[in-house]
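Everything on this sheet refers to the single structure shown next.
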Amino acid sequence: MLKLAVVEGVLERITYANEENGYTVARVDTGRGAGDLLTVVGSLLGAQPGESLRMEGRWGSHPQYGKQFTVENYTTVLPATVQGIRRYLGSGLIKGIGPRIADRITEHFGVETLDVIEQRPERLIEVPGLGPKRTKMIGAAWEEQKAIKEVMIFLQGVGVSTSIAVRIYKKYGDASISVVKNEPYRLAADVWGIGFLTADKIAQSVGIPHDSPDRVKAGLQYALSQSTDNGHCYLPEEQLIADAVKLLQVDTGLVIDCLGELAAEEGVVRERVPAPDGGDPVAAVYLVPFHRAELSLAGQVRRLLRTEEDRMPAFQGVDWEKALTWLAGRTGAELAPEQREAVRLALTEKVAVLTGGPGCGKSFTVRSVVELARAKKAKVVLAAPTGRAAKRLAELTGAEASTVHRLLELKPGGDAAYDRDRPLDADLVVVDEASMLDLLLANKLVKAVPPGAHLLFVGDVDQLPSVGAGEVLRDLLAPGGPVPAVRLTRIFRQAQQSGVVTNAHRINEGVPPLTQGLSDFFLFVEDDTEEAGRLTVDVAARRLPAKFGLDPRRDVQVLAPMHRGPAGAGALNGLLQQAITPARPDLPERRFGGRIFRVGDKVTQIRNNYEKGANGVFNGTVGVVTSLDTDEQRLTVLTDEDEEVPYDFDELDELAHAYAVTIHRSQGSEYPAVVIPVTTGAWMMLQRNLLYTAVTRAKRLVVLVGSRRALGQAVRTVSAGRRCTALDHRLGGQGRVEDAHRVSER
């Protein structure tokens, strides 16, 4: 075996980094002078420009780029020259020191700089412009950096990337190494970004046996957790056992025994429920929070329906002809018969659902409900799952609306300030975009509705279900269930003139959209997936802004069926950023993993974080980067809800670019124009409700880019199977809703 070569040098810049596998291409200054930089490739994720690296690896040659060094492992070493120290400190590695301050400190202390920070940080006050507060902060940041480095050296030995090592240290502090060695599967539950697979790799490295019961139980919980990420509230026991055997590569008998132990320890709940397809009952296995939420939500809905109290009693004996005539005078338009029925239902029933597609008058119906309720001095509370949807609801009704999270004042840890013991002060609660409500959030919301108040869910049941687990809106609409509902089906004349509305309904009925002769719906045909990706970028960043005067950042949204691939949201974000917010010498930027963040970037939060902002920042929240401070190592995002949220540089794995987002992530949002790549590269994802959801996100304009074959596949394919939920059964329904065409019978 060839002995590994050793190269030392300062990391000058990272030219490419793949977050998923850690592969990095970087340029390193080995001190040979004349600006001669060496290309190094390999796993360098976590190394920052300015750091001095000691790299072990092998020399090689690339046909295009010439001589290069392939790194197999590396450690950071402290630089020894003034120039190296200045570069190291100015890299943003130590909080409170950016390039300007690094210059001042090294000018004052020279080669002793690092010794001073390490041994006598109080001396930093000698540097002009450094006050006691910043001096203290730099000393503390250096100490933390040292402690993290120790943890990192250990974790690198067991194959963990630096960004995850930082998170492990933040969670466990000095106990990090002990937890990793003795309880590695805890990491999967406790540390965001570490799934079972990473924890399992660590466990193997520290010698935990392949057939350890701890490993099997953690694997079972991981398999259930993966299924909730795919929208299921439970898994049938047989499927869970099969998934776990495949994942863990252990005997079926061991998995069955460990599942029994998990159930006995109350790590999971087993219960027989009707099968998702209406067949024989199945043994369902739930993670505890999802079982509790399903029982609780069904119980709360039934409690609201059955209560004798009524906080809007005036509507029980109202003269509806008179009320609706007054309303028409107030709004300037008559309600259609099914809209009148929906208004009556919302104001006389304790829980009701209003559903229907675009152009069928859902919005006007909601406005009418709110107008009548306020005319009777009712306290009306309006909410929606996203900031954009809440803003739209407020504009529509002229009343204040908020996100569900803000309404409930969710606190760190996810508990709500409002619940059954402290209900909302409301007579009528209206929730728009209810197709987005997942089981956990719907449960929190319904718990907070006071007895006697009226609750109206409004949404389009034909759209994609929620990103989180459950199909709450569909389950509420199940045939034979207790919740009265109206489905609006008539498309109003002004909406019939819109190509966007007409084509949304065509797609929903399984008919291909019209793509010629319309002023607001276009198809750019391109069969090659890679070319379709490039054309999508050109349409979104250049053609639409030029032809229609749209702002490419604010008014145009690219919606991709999937994240991966040449026409996926991941690749398109890189190209769109280059086109819309390119690098400039005067524009500060920060690289994190494979992403570069700049001021002006459109970004989205990719996990629920209850600790951030006033009431948490949630998966799907969109915003724009408004500032980036290399000294404080922080960037600020102005969200759609007009809240300024700071992110430390080591939290940037919570943000992704949002020039392009997946269609799933766009739910609840509306944009003036959407551009949708529909390519054969996304074949497995092409389904009718996916395309329908994407098209209905557009207010004015839709551009499809791709192949007619892929478009045909999307229109034809009805999504396979239903999610595993038992909410309809718990509500007392007779089974699944295949079509929610149900108008309440009064």
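Along Cα→Cβ, 7 Å out, is where each label goes; now give me the distance between the ones at E56 and Q494 in nm to one decimal.
It is 7.2 nm.
Residues with amide H under 5 Å of L455's amide H, sequence separation 5 or more or different chain, H placed in the peptide plane at 1.01 Å from N; which?
Residues meeting the criterion, in which the H sits 1.01 Å from N, are V351, A352, V429.
With the dipole of the chain worked out from charges on the C-beta (+1 for Lys and Arg, -1 for Asp and Glu) around the Cα centre, which of V40, L11, T515 lies farthest toward the positive end?
Sorting the options by dipole projection puts first T515.
Any idea what the relative contact order of the stretch 51-198 is, in percent, if you count C-alpha pairs under 8 Å spaced at least 6 apart?
13 percent
Sort K217, K444 by accessible area with a 1.4 Å probe, largest first.
K444, K217
Using a basic spin-label model with each label point 7 Å from the Cα along Cα→Cβ, how many nm lie between R13 and A417?
4.7 nm
Find me the longest stretch of the chain that has none of the exposed GluC sites (Glu not before Pro), where exposed means in a DSSP loop (not H, G, I, E or B) with at most 12 other Cβ atoms within 10 Å.
Result, exposed sites excluded: 21-264.
Which residues in the stretch 470-514 place their backbone N less than 17 Å from a point set 7 Å from the Cα of R708 along the Cα-to-Cβ direction?
511-514
Calculate, in nm to one decimal, what K171 and E122 gain on full extension: separation in residues at 0.36 nm each, minus their alpha carbon distance.
14.8 nm
If you take the charge dipole of the chain about its Cα centre, with +1 on Lys and Arg Cβ and -1 on Asp and Glu Cβ, which of A614, L455, M685 is farthest toward its positive end?
L455
Quick one: grab the alpha carbon gyration tensor of the stretch 295-373, order the square roots of its eigenvalues as a ≥ b ≥ c, and give me rounded if a/c is under 1.5, else prolate or oblate depending on whether a/b is larger than b/c.
Oblate, because a/c is 1.5 or more while a/b does not exceed b/c.
Using only alpha carbon pairs under 8 Å that are at least six residues apart, calculate the relative contact order of the stretch 613-689 and give it in whole percent.
Averaging sequence separation for qualifying contacts and normalising by length gives 19 percent for the stretch 613-689.
Please check which bits of the stretch 259-294 a label hung off R306 would reach, taking the label as a point 7 Å along Cα-to-C-beta and the cut-off as backbone N under 12 Å.
Within reach of a label on R306: no residues.
What is the helix-to-structure angle for 337-348, meaning the angle in degrees between its Cα long axis and the longest Cα principal axis of the chain, kept from 0 to 90 and rounded to the nearest 10?
80 degrees
To the nearest 0.05, how large is the calculated FRET efficiency for T70 and E530 if R₀ is 25 Å and r is the Cβ-Cβ distance?
0.35
For K379, enumerate residues with amide H under 5 Å from its amide H, sequence gap 5+ or separate chain, H modeled in the peptide plane.
Here D427, L428 satisfy the definition.
Calculate the spin-label point distance for L37 paired with D257, positioning each point 7 Å from the Cα along the beta-carbon direction, and give it in nanometres.
Result for the modelled spin labels: 5.7 nm.
Go ahead and run the numbers for FRET between T30 and F548, Cβ-Cβ distance against an R0 of 60 Å, rounding to 0.05.
Efficiency for this residue pair is about 0.70.
Once a ≥ b ≥ c are taken as the square roots of the eigenvalues of the Cα gyration tensor of the stretch 358-429, is the result rounded (a/c under 1.5), prolate (a/b larger than b/c) or oblate (a/b not larger than b/c)?
In terms of gyration-tensor shape, oblate.
Report, in degrees rounded to the nearest 10, the 0 to 90 angle that the Cα long axis of helix 288-306 makes with the longest principal axis of the chain.
30 degrees
Let me spell out the model: positive unit charges on the Cβ of Lys and Arg, negative unit charges on the Cβ of Asp and Glu, origin at the Cα centre of the chain. What dipole size does that give, in debye rounded to 20?
So the dipole magnitude of the chain works out to roughly 1540 debye.
Grab the other residues whose beta carbon is less than 12 angstrom from that of T581, score K and R as +1, D and E as -1, and report the net.
+2
Could you compute the FRET efficiency for T325 and K181, with r as their C-beta to C-beta distance and R0 at 60 Å, rounded to 0.05?
Given R0 = 60 Å and the Cβ-Cβ separation, E is 0.20.
In the neighborhood of F548, defined by Cβ-to-Cβ distances under 15 Å, what is the net charge if each Lys or Arg adds +1 and each Asp or Glu adds -1?
My count for the surroundings of F548 gives +3.
Which value, in debye to the nearest 20, describes the size of the charge dipole of the stretch 203-264 about its Cα centre when Lys and Arg Cβ atoms bear +1, Asp and Glu Cβ atoms bear -1, and nothing else is charged?
The dipole magnitude comes to about 160 debye.
Taking a ≥ b ≥ c as the square roots of the Cα gyration tensor eigenvalues, with a/c under 1.5 meaning rounded and otherwise prolate when a/b beats b/c, else oblate, which class fits the stretch 191-298?
Judged from the Cα gyration tensor, the stretch 191-298 comes out prolate (a/c at least 1.5, a/b above b/c).
Answer with one residue from L441, L628, V674: the one whose Cα lies farthest towards the positive end of the charge dipole of the chain, charges on Cβ with Lys, Arg +1 and Asp, Glu -1.
Among L441, L628, V674, the one farthest towards the positive end of the dipole of the chain is V674.
If you take every residue apart from V116 with its C-beta less than 11 Å away from the C-beta of V116, what net charge results, scoring Lys and Arg +1 and Asp and Glu -1?
Residues near V116 contribute -3 overall.
The values are calculated or read from the model by the stated rules, or taken from the named source; none is laboratory data. In this text the structure is predicted, and so the values were computed from the model without any measurement. Note: ideal-geometry Cβ built from the backbone for every residue, glycine included; neighbour counts use all protein chains shown. For accessibility, only protein heavy atoms count, side chains too; no ligands or nucleic acids. Shrake-Rupley method; radii C 1.70, N 1.55, O 1.52, S 1.80 Å.
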